[in-house]
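The structure appears below as structure tokens.
The values are calculated or read from the model by the stated rules, or taken from the named source; none is laboratory data. Every value quoted in this text rests on a predicted model; they were computed, and no experiment measured them. Cβ placement follows ideal geometry from the backbone for every residue including glycine, while neighbour counts extend to all protein chains displayed.
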Amino acid sequence: MSLKSIVSRCTVTLVNAARKMQSLQIGLTAGSFKDDVEHLEPYGYTSRPHPGAEGVAVFPGGDRSHGVVVVVADRRFRLKGLKPGEVALYTDEGDKIHFERGRKLTVVTATLTIQATDSVDIQSPELTHNGVNIGSTHGHGGVVKGGDRTGGPI
């Protein structure tokens with residue numbers, strides 16, 4: 001038995017994401033295809049790859065009747081230029097969560113929704129919105145004594 005019959009590069013052709021364990025149709029070498037190959041994903045993480053994404057298929061014992069895909073990547077959308085130690089999640093639409101050097105977290109998306117069952121607690125010495133300080137040290141213009149309303153944060 002050769003290593004070639006146990007481990008193979010593959011190309012995703014179809015995805016069935018409705019199952020408890022996502023399954024893929026994959027293209028192998030020499031134009032052969034395998035249907036319903038389980039896609040093993042790390043606990044707590046899931047994704048639905050596009051057709052054309054590439055992967056590594058493993059066939060335990062060389063038995064091609066019950067293989068698994070252990071990794072799927074897509075060079076068409078992969079973020080480039082990360083520094084050593086950085087981590088990112090990304091989509092084909094340009095959304096990303098990027099853990100950058102210097103303990104900086106950047107989230108890029110069109111709409112961000114946070115759903116908390118109890119509370120949201122932001123602890124930071126500074127908080128800005130559109131470049132305006134709205135944290136605990138911000139000031140207000142137009143402050144007058146009494147029950148009048150102040151101007152907006154400055």
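Assorted remarks:
- Selection status of L89, outside the structural domain of P42 (by TED's automatic domain parsing) and under 16 Å from the mean Cα position of the chain (by Cα): yes
- Qualifying residue in segment 81-95 (condition: part of a loop (DSSP other than H, G, I, E, B), in contact with a strand residue (DSSP E or B) (Cβ under 9 Å, 6 or more places away or on another chain) and acidic (D, E)): yes
Residues are listed down the side, and each one gets a yes or a no for (1) over 25 Å from V72 (Cα atoms); (2) touching a Pro at 6+ places or on another chain (Cβ under 8 Å); (3) among the charged types (D, E, K, R):
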{"residue": "V87", "(1), (2), (3)": "no, no, no"}
{"residue": "T91", "(1), (2), (3)": "no, no, no"}
{"residue": "G94", "(1), (2), (3)": "no, no, no"}
{"residue": "E100", "(1), (2), (3)": "no, no, yes"}
{"residue": "R103", "(1), (2), (3)": "yes, no, yes"}
{"residue": "V120", "(1), (2), (3)": "yes, no, no"}
{"residue": "T128", "(1), (2), (3)": "yes, no, no"}
{"residue": "H140", "(1), (2), (3)": "yes, yes, no"}
{"residue": "G146", "(1), (2), (3)": "yes, no, no"}
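- Considering residues of segment 44-57 that are exposed (fewer than 15 other Cβ atoms within 10 Å of the Cβ) and of a type outside the set (S, T, Y) only, the residue nearest to L3 (Cα to Cα): V56
Residues are listed down the side, and each one gets a yes or a no for (1) touching a Phe, Trp or Tyr at 6+ places or on another chain (Cβ under 9 Å); (2) of a type in the set (F, W, Y); (3) in a strand (DSSP E or B); (4) at pLDDT 95 or above:
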position	(1), (2), (3), (4)
H98	yes, no, yes, yes
T111	no, no, no, yes
D118	no, no, no, yes
S124	no, no, no, no
T137	no, no, no, no
G142	no, no, no, no
